[in-house]
1. Which count do you get for residues in the range 53-80 that are away from the ligand (no atom under 11 Å from the Cβ) and surrounded by 15 or more Cβ atoms within 10 Å (Cβ to Cβ)?
2. I'm checking my understanding of the structure. Among residues of the range 201-223 that are touching a Leu at 6+ places or on another chain (Cβ under 8 Å) and within 16 Å of the ligand (Cβ to nearest atom), which one is farthest from Ser12 (Cα to Cα)?
3. Does the range 112-131 include one or more residues that are within 11 Å of the ligand (Cβ to nearest atom) and surrounded by 15 or more Cβ atoms within 10 Å (Cβ to Cβ)?
4. Of all residues in the range 62-105 being assigned to a strand (DSSP E or B) and not hydrophobic (A, V, I, L, M, F, W, C), which is farthest from the chain's Cα centre (by Cα)?
5. Which residue is farthest from the ligand (Cβ to nearest atom), if the candidates are limited to the range 180-191 and must be closer than 21 Å to Thr342 by Cα and open to solvent by 20 Å² or more (accessible area, probe 1.4 Å)?
6. Starting from residues that are part of a loop (DSSP other than H, G, I, E, B) and away from the ligand (no atom under 11 Å from the Cβ), keep the ones in the range 169-179 and report whichever is nearest to Leu290 (Cα to Cα).
7. When the range 17-38 is examined, which residues are found to be open to solvent by 70 Å² or more (accessible area, probe 1.4 Å) and either among the acidic types (Asp, Glu) or in contact (Cβ under 8 Å) with a residue 60 or more places away in the chain (or both)?
8. Within the range 307-361, restricting attention to residues that are among the basic types (Lys, Arg) and surrounded by fewer than 14 Cβ atoms within 10 Å (Cβ to Cβ), which residue is farthest from Leu19 (Cα to Cα)?
Amino acid sequence: MERVINFSAGPSILPLAVLHKAQAELLSAQGSGQSVMEMSHRSPVFERILAQAEADLRTLLAIPENYKVLFLQGGASLQFTMIPMNLLKGTKKVDFIHTGEWSKKAIAEAKRFGSVRIVASSEATNFNQIPAFSASDFSEDAEYIHYVSNNTIFGTRLTEFPKLPDSKILVCDMSSDILSKPIEVSRYGLIFAGAQKNMGIAGLTVVIIRDDLLGRVPNLPPMLDYKVQADNSSMYNTPPCFPIYMAGLVFEWLLAQGGLSVMEAKNEAKAKLLYDYLDASPFYRPTVPLAKDRSIMNVCFVSPTPELDAAFVKFAEAKGLVNLKGHRSVGGMRASIYNGMTIENVQTLIRVLDEFVQRQR
Ligand SMILES: *Cc1c(COP(=O)(O)O)cnc(C)c1O
């Protein structure tokens, strides 16, 4: 069977080598005679899978010793609730950088537990840019700062966060760009990401949390308490075994590629190729005007009319390039080009974009 080129924003494309390995091990993982989907999460084979996944993620992101890695469920969306629930204990004030749909949802949840101040927002321009802000804009008494590093829907990314005093706690939603490049984990109090964009499959959420932030609020429901999850090494209950296994395969693949600096160079090159084509085209236009704000994971663009947008999406689909329709709040097209997308795939997209233009003559 021919495989399509899948530009979905999430769940999204996986490296072919990862799928082949999962297929090869499907009926008998590591010589156990069982699939990962069937085995006990307390079995030595699964415990090895979990330990290796954590070790490989620690290597990839150079996670310091004083950070816990948690493998949780509930998606990034449950973190919108768990973060304020676990971190707000004093002033109950949170500072937000508001850059799109995912900060909006996180703001709504934080308001259940405390008060929110929006330090900077790009809502007035339908989130087509990253708003300007500096370290001095944050509240003295906010208990943490929440921002989204890559805005999956609007196709923007925040590359440089101003340097903050050590006392500030920075929380970052990295759902759609984690593992796309190296990061400095020690700058953050908490990093979280749903796995189904750039890390694996749906059903797993990874939380990386500095250990002094565990147990700030007593008596939380155990499943929603980072300390309980950390004390039980993500095995307080049955963890999402197969999604953890799949993420482990992705981590192993990333290490074999040479790690995140190598991935960053590849991702930058893919995005540059596509944006350069779109910028030079008299037909298409990226929806994010400033190059510095443009996501290298989710490339949003339009043709001259919504009718032509729809016609292009259909044209591309007939050629095996699927899920290129943009999110309804932006319109146009969105090409998600995560780690699993090759530069050859992006070249194919550009060829098809060009063929469509020729047809309009
Ligand atoms: C997809 C996404 C989410 C929501 O993820 P779920 O796992 O579906 O809850 C949150 N934040 C960002 C940046 C996303 O891209």
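1. Here the count works out to 13.
2. Filtering first and then ranking leaves Ile208.
3. no
4. It comes out as Lys93.
5. Pro182
6. Result: Leu179.
7. Residues satisfying the conditions are Lys21, Met37, Glu38.
8. Going residue by residue through the range 307-361, those that are among the basic types (Lys, Arg) are 314, 319, 325, 328, 334, 351, 359, 361.
Remaining after also requiring surrounded by fewer than 14 Cβ atoms within 10 Å (Cβ to Cβ): 314, 328, 351, 359, 361.
On the way: Lys314: 27, Arg328: 30, Arg351: 26, Arg359: 36, Arg361: 41 Å.
Across the range 307-361, the extreme among qualifying residues is Arg361.
The values are calculated or read from the model by the stated rules, or taken from the named source; none is laboratory data. Owing to the predicted nature of the structure, the values given are computational and were not obtained by experimental measurement. Please note: Cβ atoms are built from the backbone with ideal geometry, for glycine as well, and neighbour counts cover all protein chains shown. Only protein heavy atoms, including side chains, enter the accessible area calculation; ligands, DNA and RNA are left aside. Shrake-Rupley method; radii C 1.70, N 1.55, O 1.52, S 1.80 Å.
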